[in-house]
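K.L.:
If you scroll down you'll find the structure; I have some questions about it.
Throughout, read-outs are computed from the coordinates displayed, never taken from laboratory work. This is a predicted model, so every value here is computed, not measured. Quick reminder, even Gly has a Cβ in these numbers, built from the backbone with ideal geometry, and neighbours come from all protein chains shown.
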Amino acid sequence: MDKQRPLIGIIAAEAEYIFFTRSLDCIQKELFAADMDAVIFSSLMMSGNDEFDAAENSVYDLINLDLLDGIIMLPTSINDASTRENLIERIRRDFRGPVVSFDCELGGFPSITYDYEPAAEMMIQHLAEKHGVKTIDFVGGPEDQFHNSIQHFFQSAMEKRGISIPENRIHHGNDWAGDFSGIADEIIANGLPDAVVCCSDLTAVQVLSALSDKGVNVPEDVLLTGFNQKEPYGTDYLNITSVLRDPTEMARDAAQYIIAKVRGDEYTIGSAKCRSTFKPGITCGCGKLNLSVLCHEATDNMTEMQQHGIDSYYNFMSEDMTAAETFYDYLWKVNWYTLFLGDFKGFWMCFNNKVMHNAVPEPGFTDRISLSFCNVNGKGTVDMMNKFPREQMLPAIFEKRDHPGAFIFTSLHFMGVNYGYVVLSYGDTGRIYDKNYVKWLRSVTCALEKQRRHILYNDAVTDAQVRDSLTGLLNMRGYTRIMTERCGKFNDPTKLLRIISIDVENLKGINDTYGYAEGDRVLSALGVAFSNAAGDSDIVVRVSGDEFFIAGIIDEGSVDDVPNRLQSMIDSLNSHDSEYGVNIYTAAVSAPITDRSILEKLPYDAAYQRIMAKDNHTKMHKTADVAVETFDPEERMNVIRLLNENLFTYNFQPIVNARTGCIYAYEALMRSGEEFRLSPLTILTHAEALDRLQDVEKCTMFNTMRFAMENQDLLGNKLLFINSIPACTLSDPDFEQLFQLYGDIMSKIVVEFTEQTEASSSQLKTLIERSQRCGFQIAIDDYGTGYSNISNLLTFMPNVVKIDRSLIMNIHKDKRKKHFTKNIIDYAHDNNFMALAEGVELSEELQTVIGMGVDLIQGYYTAKPSADIVQEIEPEISEEIVRLNRVSDKRRPRKTYFTGDEREISLMALDLDSYTDIIINKPEYTLTGNKNYVSEMSIRAKDNMDCRLDLMDIAVGNVNGGAAITVGQNSTMTLNIVGEVTVTGGIYVPSGSTLRLNGAGALRVNSVGTQTYAIGSGSTMPYGNIEIDMSGGIYIHLDGEKSVAIGGRSNDGGSHIRIRCKELEITQLGKKTLSIGSLLSPADIVIEGTHVELEHHSKTALGIGSFSDPCNISISGGISEFIMSGDKVGCIGSFNSCGGRTDMTSVRVITELKAKEILGIGADKRFGEIVMNDCTFDSFIEGAESVAIGSSDCEGSVSMRNCSGDITVRSSTKTLLGVKPENLIMDNTGLNFKE
C-alpha cells in the first residue's frame, strides 16, 4: 500500500464536544497545510453497559500502527480507563514514530497540557471578591492524575484567599452522566456552603439538578460554578458560571510538533498556552436569565423538529430504513439519508466478513472486511463482493487525491453486536462529526440489526430448503438467494455471470447396475469434485438427480480456467481403482450483469446448450431399429389412388402477425378430401412405404403454386407457406417446369421443411440455391424437437423458424419450455430470422409467446384451417393480440435505433419493429407519430452535441421505466413541439446540459413512481438549464411519494429555469412535491407571460422555489394560480431560507390553500426581499398556522406598489404581513386583508 502523503493518526473520543471539536479543527488544518492526511479514531459515547462500551471502544483495535507516521492522542477524551491504558501501552510498545499527548501529561511521551492554575484563580477570585464566599464544597471527578490536578489548583486558589476546605467537603463523582443524588445528600448533611465548585460543566449540571430535587435553590441558597472541560450543552445556553478554554494555540503546537518530527526537523514544544475566559452566569447570581434568547432557541428547536433535519417530526429515516425488505435495499436507503451528514466528501460502511449471517458474531473485527457501501462525492455504490484486508483500514486512504483529507473511524455496533465500522470524511475542511451524526448512526445501526435478525431468521428457516441433503450443495433457491445479493444492482456491464452446466451421463446405468447407494456415493464424490474445481467465489448447485451447475461472477475478458479444472477433477476421480468411469457433459454461457432476469435465464440457457450437445453426440451413436411393417390394405390402395390421380385438396390456416393481429400468411395443409378421410401422417407413411414420397412432393408443389397463381386477388400481399420434403427434392427438369409456370409468384412462397428429415447435403444445397435464384423463402418447421441444433439454422439461414407445438403447449406453466423457447426467439432475432409459434391453442399460451417477442402466431386459438381463404381473424382475438403487445412491450428486449442520413422517421414504425431506444446523433431531426398510439421507447441525444428535434404528434413512453427523453451530457437539445405530444416518464436534463422547449403545440408529461419528475432531474440528481419559450401549453401530471415537476434535487452548476408559454398546468399527488425549482439548493427562476396553474395534494408541497435554500424568483405578467392541500404547503419562496429575492410584476395571484401550516409568499424565516408591482390578489388561506407574505420572524423587507385585491386568512395563528414596519414599503396599495 503506497501512501501518497504522510498519514497521521489522531485518537479522540466523543469529539463532538466543543473543546475537542475546536482542537481537532485546528490540528487537521495544520496537517493539511503541511500536505499530510489524517485518520481519526473516535468512540462516540459511553453508556455504562459493558457490552455496548466494549463494542464502542473496539474502534481503537483498528489502528494499524505500521501505516501511521505520527500520532496525536487526546487521552482525557477516552473515559474508559482500561481502554485508555491498554491503548497507551500498545502505542508505547509497538509504535516507533513520534507521539504527542494533548491536554494530558502522559509518561514517556511529549505532552502539551493546559495550565489550570490561572483558570482556577479566576473562578475562586470571583467567588471570594464578588460574592464574599467563605465556605466551598468541591465536586471533582474520579481520583486519577488528571482530576486530582484540577482539584489541586482549586485548593491552592482557595488557600491563597484563606478559604480552607476540609476532606468532608471534597466529593468525587464520575465526571459523566450519572446519579449525583448521593453527593447532594453529603453537601446538605454537612451544612450548605456558600458555593459549590465543580470540576466541569457536565458535573455542574447534574449537581444542580440533584440539589434542586432536594429543595435547594441555586443561586438563592447556594452558589454553583462549573468548569469547561466538557461542554455538551453550551454554557451560554444554560447560563452556568464557568471558565471557557480556547485550545487553538495548544492544538497548533501539537500539530507542528508532529509535522516537524515526521519531516525529520527539530521542534521544541512551547510553554502551556490556552487562553481562558471567565463567564459569569445565573448560577452565581451575576447573570440574568435571558428569556428572549431562550425563547428564540426554543422556537428554533421546535421549528427544526417540525420541519426538517435529523430531529424533525417528519424525519422518517428510522422507519424507512427499518422497513427495507432486503439488506441491499437497506444500503440504498442509507445512501439516500446521507443527506443528513451535510457537505461530506465520503462515507464508507465496512462490515465484518459474514457478520449478517453470524448469530453470535465474534468481538472485534475479522481479517477480511466487506466494503458493501460507500458514497464518495455524492455518488453511492453498493457492492456486496468488495472486500479488503483489515490491516488496510480503508482502501480510499491510499487512492490518489488532489488534496489531503481526514478520515474519521467509528465502530458500527448494536448493543454489543459488532458489525464492523464506518468511516466519514469531510475532506480538507477540518470538520468533525456532531451530535446529529451520533443520532444518525444510532438509527442506522438499529435498522441494521433488524436486517441481521431478518437474515438470521431466513437462514434458520430456509437452510434446509436451500441445500441438497445428499451432497450439501446449494439448490436453485439457494443459488437465487446468494447470487441476487452478489449481483447487487445489476448495473455492471464489466462483470459477467458465468454458468457451467453439468450433466452426469451414466448415472442411470450406475444405479441400475450397482444400486442407488452406489449412485448416491458417486453424487457425493462429484459434489466434492465440482466444489474443488470451482473458483474461490463460485457456488456449486445441484439442480436435479444428475444435473449440476457452477455459477460465478468473472471480469469481462478474463480467462476462466474452471472448465479445465473441472475436467481434471473428473479425470482424477476416474483414476481411482473402479469398475467404471463417470462421464459428464458440460456447456458454459455468460452474460453481463445488467438485468436481473439473467439469474433465472442463464442456467436454462446453459442447460439448453448442454442438452443440444448431448443429443448431437447421442445421435451419432444411434442405430436404426428395424421394425416389422404392418399396414391397412384398404388405406394403402386409397393412397395409391390419391397419388396416381392427384386427388389432393388443401386447407389454409392463417399465420398471424404477433404485433398487429393481421393475417401475415397462410399455410397450405394437405388433405385427402371427404371421399378418403386419410390423415396427412397416414398418407406420408404409406407413400414412404411405397417409395413414393417424391410424388407427394411434386403434387404438393405444383398444386399449391397453381392455387397461388389462380387466387392472387384473394391472397393479396400475403405469403403462402408450403410443406416440403427436402430428401425428395424435385428433379431439375421438374423444378424448371415449376419455375416456368409459377416463377412470377415465387416471391410470395415460403417453402418449409422439417429439420428431422434426413436430406443429403447436396439436396439441401440444391434447395438453398433454388431459393436464392428464384426468390422463394425458407422456413424450418417443428424446430425445437428431435435433433434441433443451431448449426442447422446456420446452414439453412431460413427466413422463418417455426417453433414446434410441443414447446408451445402449456408453455405458460413450464419454465423450462419458456427458457428454451425464448432462447430460440432471441437467436432468431439476432440472426434476422422470424420466429413463429406453432400450435397456440390457449389465451395463456398467446400471452406468453407475445411476451417473449415472437413474430408470428399459428394455431387454433387465432384461426383454424379452412378450405376458404379468410381475410381476417376474429376481431376480439386481433384486439387481444394488440392489447397483449402493449403489456409485453414493457418486457421486450432492448433494441436501439441510431439515426442515419434520413431526416425524419416514424416512432410508430420503429415501435412496431421492436425498437426500444432511439439515439439522436444528427443536429436536426424529426420524429413523427400518432398521438393515439403510444410508442414504448426512450429517446436520447448523443453526449457533447447540440441538436434540434421536431416532435410531431407523438406519444412516447420508456419501455424500461425512467426518462422517455434524455438530453446528452454537456449538450443542448431543442424540442420543437408540433401538434399534440405526450411524454410518459419525464424529460431528463442532466447538470451541465440545456433543454429548450418551443413550438405552438401542446406538451403533456405524465409520470407515476416513488420518486418521479417531468422536466429536469427529479429528487435524486442535479438538473441542468431549462428554457421554455412556447406559444403552446404544457400540462404535467405526477403521482409519486416525491416529485419535482420542473427542476430537480439541486442546482449544482448554477443552472437556471426560464418559462414563457401560453399555459402551464401542473398537478401533483404524493408526500413531498415541488412544482418549479430545487429541493436542496438555491434556485434561479424566471417566469414571464404565463398562466401558471399549480395543484398539489400532498403532505408537504411547494409551488415555486426551494425546500431548503434562498432563491431568486422573478414572475411577470400572466396569472399564478395555486390550489394546495396537505400538512404543510407554500406558494412561492423557501421553507428554510436565509435571504433570497422574489420579484413579481403585473401578476394576478389566485390561491386556495388548506393545510396545517401555510406559507403564501416568502420563507419560514429570514425571507430576504419581496418586491411586488401592479399585482392583484384573490387569495384564500385556511389552516392552523399561516403566513400570507413574509415570514413569522418578520426578518426581511417587502415593497408593494400599486397592488390590490383580497387576501382572506382563517388561522388560529396567523401572520398577514410578516415584516417589521421599518422594512415595509406600501405605495398606492389597496390590498385588503380579511380574517
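K.L.:
What ranking of Ile27, Ile282, Ile780, Ile939 emerges when the number of other C-beta atoms within 10 Å of each C-beta is taken as an exposure proxy, fewest first?
P.N.:
On the way: Ile27 29, Ile282 17, Ile780 23, Ile939 26.
Placing the least packed residue first, the sequence is Ile282, Ile780, Ile939, Ile27.
K.L.:
So how compact is the range 1110-1235: Cα radius of gyration and Dmax in angstrom?
P.N.:
12.8, 35
K.L.:
Once the piece of chain linking Trp176 and Asn1223 is laid out straight, how much longer is it, given 0.36 nm per residue of separation minus the C-alpha distance between them?
P.N.:
On the way: separation 1047, 0.36 × 1047 = 376.92 nm, distance 4.84 nm.
That pair, Trp176 and Asn1223, stretches by 372.1 nm at full extension.
K.L.:
If I model a spin label at Met415 and Arg1201 as a point 7 Å from the Cα along the Cα→Cβ vector, what separation in nanometres do I get?
P.N.:
6.7 nm
K.L.:
What is the angle, in °, between the Cα long axis of helix 761-774 and the longest principal axis of the Cα atoms in the chain? Nearest 10 is fine, range 0 to 90.
P.N.:
Rounded to the nearest ten degrees, it is 80.
K.L.:
Also, quick follow-up: What FRET efficiency comes out for the pair Ser524/Lys354, r = Cβ-Cβ distance, R0 = 22 Å, nearest 0.05? Walk me through the numbers on the way to the answer.
P.N.:
On the way: r = 25 Å, r/R0 = 1.16.
It comes to 0.30.
K.L.:
Here is a further query. For the pair Glu924 and Lys439, what calculated FRET efficiency results from E = 1/(1 + (r/R0)^6), where r is the Cβ-Cβ distance and R0 = 51 Å, to the nearest 0.05? Please list the in-between numbers first.
P.N.:
On the way: r = 55 Å, r/R0 = 1.08.
E between Lys439 and Glu924, to the nearest 0.05, is 0.40.
K.L.:
Which of rounded, prolate, oblate describes the range 695-778, given a ≥ b ≥ c as roots of the alpha-carbon gyration tensor eigenvalues and a/c under 1.5 marking rounded, otherwise prolate only if a/b is larger than b/c? Intermediate values should be presented prior to the final figure.
P.N.:
Details: a/c = 1.76, a/b = 1.63, b/c = 1.08.
Because a/c hits 1.5 or more and a/b exceeds b/c, the range 695-778 counts as prolate.
K.L.:
Counting other C-beta atoms within 10 Å, which of Ser597, Ser558 has the fewest, and how do the rest follow? Spell out each step's value before the answer.
P.N.:
Numbers: Ser597 13, Ser558 10.
Ascending Cβ contact count within 10 Å gives the list Ser558, Ser597.
K.L.:
Can I ask one more? Highest mean first, how do 472-483, 834-845 rank when packing is the count of other Cβ atoms within 10 Å averaged over residues? Walk me through the intermediate numbers first.
P.N.:
Working: 472-483: 17.7, 834-845: 21.0.
Going by the mean number of other Cβ atoms within 10 Å, highest first, we get 834-845, 472-483.
K.L.:
Highest mean first, what order results for 407-413, 866-872 on Cβ atoms within 10 Å?
P.N.:
Numbers: 407-413: 23.6, 866-872: 12.3.
Those peptides, ordered most packed to least, come out 407-413, 866-872.
K.L.:
Taking the Cα centroid of the range 535-578 and of the range 58-94, what is the distance between the two, rounded to the nearest whole Å?
P.N.:
The distance from the Cα centre of the range 535-578 to that of the range 58-94 comes to 47 Å.
K.L.:
Summing Lys, Arg as +1 and Asp, Glu as -1, what charge do residues with Cβ under 15 Å from the Cβ of Gly1133 carry, Gly1133 excluded?
P.N.:
On the way: positive: Lys1128, Arg1141, Lys1165, Arg1166; negative: Asp1084, Asp1109, Asp1143, Glu1157, Asp1164, Glu1169, Asp1193, Glu1195.
Surrounding charge for Gly1133 is -4.
K.L.:
With each pseudo-label sitting 7 Å past Cα toward Cβ, what's the Lys134-Asn458 distance in nm, one decimal?
P.N.:
Label-label distance for Lys134 and Asn458, simple model: 7.5 nm.
K.L.:
Another question, then. Figure the gain on full extension for Arg92 and Asp814 (residue separation times 0.36 nm, minus the Cα-Cα span) and round it to one decimal in nm. Before the final figure, lay out each step's value.
P.N.:
On the way: separation 722, 0.36 × 722 = 259.92 nm, distance 6.90 nm.
So the chain would gain 253.0 nm between Arg92 and Asp814.
K.L.:
Sticking with this structure for a sec: Answer with one residue from Ile954, Ile905, Leu202: the one whose Cα lies farthest towards the positive end of the charge dipole of the chain, charges on Cβ with Lys, Arg +1 and Asp, Glu -1.
P.N.:
So the residue we want is Leu202.
K.L.:
While we're on this one: Spelling out what I want: for every residue of the range 191-202, take phi, set θ = phi - 60°, compute 6.51 cos²θ - 1.76 cosθ + 1.60 (Karplus), and round to whole Hz; glycine and proline get x.
P.N.:
x, 4, x, 6, 8, 10, 9, 10, 6, 7, 5, 4
K.L.:
How much length would be gained if the chain were fully extended between Asn148 and Asp571, taking 0.36 nm per residue of separation minus their Cα-Cα distance, in nm to one decimal?
P.N.:
Working: separation 423, 0.36 × 423 = 152.28 nm, distance 7.68 nm.
Once the chain is fully extended between Asn148 and Asp571, it gains 144.6 nm.
K.L.:
Report, to the nearest 10°, how far helix 81-94 tilts away from the longest principal axis of the Cα atoms in the chain, using its own Cα long axis and a range of 0 to 90°.
P.N.:
70 degrees
K.L.:
Oh, and also: Please state the equivalent ellipsoid semi-axes for the chain: what are the square roots of 5 times the Cα gyration tensor eigenvalues, largest first, in whole Å?
P.N.:
Working: eigenvalues 1167, 383, 107 Å².
Listed largest to smallest, the semi-axes of the chain are 76, 44, 23 Å.
K.L.:
Taking the simple approach of a point 7 Å from Cα along Cα-to-Cβ for both Arg1148 and Lys333, what is their distance in nm?
P.N.:
With each label point 7 Å from Cα toward Cβ, the separation is 4.8 nm.
K.L.:
First measure r as the distance between the Cβ atoms of Glu449 and Asp492, then evaluate 1/(1 + (r/R0)^6) with R0 = 25 Å and state the FRET efficiency to the nearest 0.05. Intermediate values should be presented prior to the final figure.
P.N.:
Numbers: r = 29 Å, r/R0 = 1.16.
Computed FRET efficiency for Glu449 and Asp492 comes out at 0.30.
K.L.:
Taking the Cα atoms only, what angle lies between the long axis of helix 327-337 and the longest principal axis of the chain, rounded to 10 degrees?
P.N.:
50 degrees
K.L.:
Residues of the range 685-706 with amide nitrogen under 19 Å from the 7 Å Cα-to-Cβ point of Arg773?
P.N.:
698, 701-702
K.L.:
Please state the charge dipole magnitude for the range 894-1079, taken about the Cα centre, from unit charges on C-beta atoms (+1 on K and R, -1 on D and E), reported in debye and rounded to the nearest 20. Let's see the in-between values first.
P.N.:
On the way: 17 positive and 20 negative charges, 107 e Å.
Rounded to the nearest 20 debye, it is 520 debye.
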